[in-house]
Amino acid sequence: MIELKNVSKLFVEKKEKIQAVQSVNVTVKKGEVVGLLGENGAGKTTLLRMISTVMEPSEGSILIDGINIHKEPSKVKKRMGVLFGGETGLYDRLTARENLSYFAKFYGMSKHETKVRIEELAKRFGMRDYLDRRVGGFSKGMRQKVAIARTLLHNPDVILFDEPTTGLDITSANMFRELVRSLKKEGKTIIFSSHIMEEVEQLCESVIMIHKGQMVYHGTNESLYEEEESRDLNYIFMSRIIRVIRGA
């Protein structure tokens with residue numbers, strides 16, 4: 001379970017204060033798939049970076065299964081997989097296999113465990129044909145598959161995806177969607193941000209909407225549809241944002 005308690009993030013740039021995230025309270029249940037929605041600059045990536053331990057909140061606390069992740073980060077890092085947008089974190093001069101082996105060492109995986117896991121993921125994502133080729137020559141879709149494999153290498157319980165299908169072709173995007181469905185069946189807890197409403201509708205049972213760092217909705221899709229008397233998530237999202245701007 002993921003718990004965010006009064007989480008805020010304040011940046012200071014050239015003596016100007018920027019409130020990126022403000023007083024967010026969220027509970028994500030174990031095995032839940034949650035969509036994170038917001039315009040560019042709304043604070044989605046900042047929120048995910050704080051959950052991932054990459055960034056500390058200015059105020060509030062974040063807990064995973066009761067563990068404060070910023071007080072005891074080592075206890076949760078190995079249980080978490082993270083992929084941020086276009087940041088694949090891969091080394092172009094290494095092959096896909098070498099990249100995965102390199103990251104496996106950070107998770108304390110044995111050589112045998114690493115070899116078996118890489119073969120499993122290569123089969124799962126159809127990467128066998130280019131597993132021993134250098135990543136530098138890969139297409140965006142191929143790189144993204146390797147990056148997702150890196151995210152799942154250590155079989156994490158909590159997975160964070162930041163706009164993982166942006167720029168992918170239809171085949172690669174569909175592969176990701178099937179992956180999320182599969183991970184959900186395995187009981188993984190997933191939060192992913194996306195601008196593709198159909199993707200969120202298909203994959204998520206609940207959503208978090210934020211606007212300029214403030215949460216404007218957190219709850220199940222069905223409750224949202226009932227509340228708004230519509231099942232058009234794109235319309236609902238825009239309607240909510242407009243009402244917040246107008247102070248309604």
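The values are calculated or read from the model by the stated rules, or taken from the named source; none is laboratory data. Everything numeric here is computed off the predicted structure, so don't read it as measured data. Reconstructed Cβ throughout: ideal geometry from the backbone, glycine too, with neighbour counts over all protein chains shown.
Taking the stretch 225-247 as the search range and keeping residues that are out of contact with any helix residue (DSSP H, G or I) (no Cβ under 6 Å at 6 or more places or on another chain) and surrounded by 15 or more Cβ atoms within 10 Å (Cβ to Cβ), which one is nearest to LEU37 (Cα to Cα)? Ranking the candidates gives PHE237 first.
Which residue pairs have Cβ atoms closer than 8 Å, lie 6 or more positions apart in sequence or on different chains, and pair a first residue in the stretch 108-134 that is farther than 12 Å from ARG150 by Cα with a second residue that is charged (D, E, K, R) and surrounded by 15 or more Cβ atoms within 10 Å (Cβ to Cβ)? Qualifying pairs under 8 Å: GLY108/LYS78; MET109/ARG117; GLY126/LYS145; MET127/LYS145; LEU131/ARG97; ASP132/ARG97. Could we say that GLY126 is assigned by TED's automatic domain parsing to the domain that holds THR166 and not basic (Lys, Arg) here? So GLY126 does not fit the description; no. All conditions in (1) in contact with an Asp or Glu (Cβ under 9 Å, 6 or more places away or on another chain); (2) at pLDDT below 95; (3) not hydroxyl-bearing (Ser, Thr, Tyr) hold for VAL34, with the sole exception of (2). When each of ARG150, ARG117, ARG177 is tested for being in contact with an Asp or Glu (Cβ under 8 Å, 6 or more places away or on another chain) and part of a helix (DSSP H, G or I), the lone residue that passes is ARG177. From the list GLU205, GLU199, the one residue that fits, being at negative phi and modelled with pLDDT of 90 or more, is GLU205.
Those helices (runs of 4 or more DSSP H) of the stretch 1-112 in which 1 or more residues are surrounded by 13 or more Cβ atoms within 10 Å (Cβ to Cβ) and touching a helix residue (DSSP H, G or I) at 6+ places or on another chain (Cβ under 8 Å) occupy 96-106.
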